[in-house]
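Q: Have a look at this one.
The values are calculated or read from the model by the stated rules, or taken from the named source; none is laboratory data. Remember, it's a predicted structure, so these values are computed and weren't measured experimentally. Ideal geometry is used to build each Cβ from the backbone, glycine not excepted, and the neighbour counts take in all protein chains shown.
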Amino acid sequence: MTINRRRLMTWLLVVSLGFNLLVVGGITARVMSRSEGRPIPPNLSWILDNLEEETRATLRPRLREFGEVVRPLRGAVFRAQRQVNDLILEEPMNKEAIALAFDELRKASLEYQETTHTQTIAIFELLTEEQRKLALSFMDERRDPLDSRRDRDSLERDTNSRDR
């Protein structure tokens with residue numbers, strides 16, 4: 001069976017679009033759920049979750065400053081995503097224009113990611129070792145989605161082998 005390259009590219013674009021819409025929708029829903037918006041960058045708010053109120057109060061002004069820096073970068077990511085979406089819906093579909101739009105989306109996303117990583121380091125520099133451990137406890141609670149799939153597959157194999 002021969003795979004049609006154009007059909008494969010179309011499916012990859014559809015999957016990518018779906019994923020990007022999911023991410024943008026999630027971010028938009030989170031921002032819209034608060035009438036005043038988020039005073040600090042949402043990508044860094046998790047750092048405060050397990051810290052004492054005094055430490056939170058100390059960090060909030062710095063995080064607000066960081067929010068002012070990343071807000072235009074996030075806007076650039078959203079605009080680049082909208083450009084990709086618009087191009088995908090155009091008839092006839094222009095693969096080259098879509099590829100260029102995805103390049104712009106990747107560049108905007110990378111700039112946002114690099115900036116937020118730098119900001120994360122700057123915040124963690126201000127914390128003691130114990131505070132860093134508390135802040136990172138959020139990460140310990142997260143699970144690798146592939147782990148649960150592997151666990152489920154393993155359970156199914158064990159169940160099937162016993163049924164034989």
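Q: Given the criterion within 21 Å of the chain's Cα centre (by Cα) and either at pLDDT below 95 or in a helix (DSSP H, G or I) (or both), identify the matching residue among I98, I121.
A: Values: I98 fails: within 21 Å of the chain's Cα centre (by Cα).
None of the other options fit; the residue is I121.
Q: Just a yes or no: is a residue in the stretch 84-91 part of a helix (DSSP H, G or I), hydrophobic (A, V, I, L, M, F, W, C) and in contact with a Phe, Trp or Tyr (Cβ under 7 Å, 6 or more places away or on another chain)? Steps first, answer last, please.
A: Residues of the stretch 84-91 that are part of a helix (DSSP H, G or I), as a first pass: 84-89.
Filter once more, so that each one left must be hydrophobic (A, V, I, L, M, F, W, C): 84, 87-89.
Checking the rest, the ones that are also in contact with a Phe, Trp or Tyr (Cβ under 7 Å, 6 or more places away or on another chain) come to 84.
Checking the stretch 84-91: at least one residue is part of a helix (DSSP H, G or I), hydrophobic (A, V, I, L, M, F, W, C) and in contact with a Phe, Trp or Tyr (Cβ under 7 Å, 6 or more places away or on another chain).
Q: Now for a separate question. Does L110 satisfy the condition of being surrounded by 13 or more Cβ atoms within 10 Å (Cβ to Cβ), out of contact with any Lys or Arg (no Cβ under 8 Å at 6 or more places or on another chain) and not charged (D, E, K, R)? Give the derivation first.
A: Working: surrounded by 13 or more Cβ atoms within 10 Å (Cβ to Cβ): no; out of contact with any Lys or Arg (no Cβ under 8 Å at 6 or more places or on another chain): yes; not charged (D, E, K, R): yes.
In short, no.
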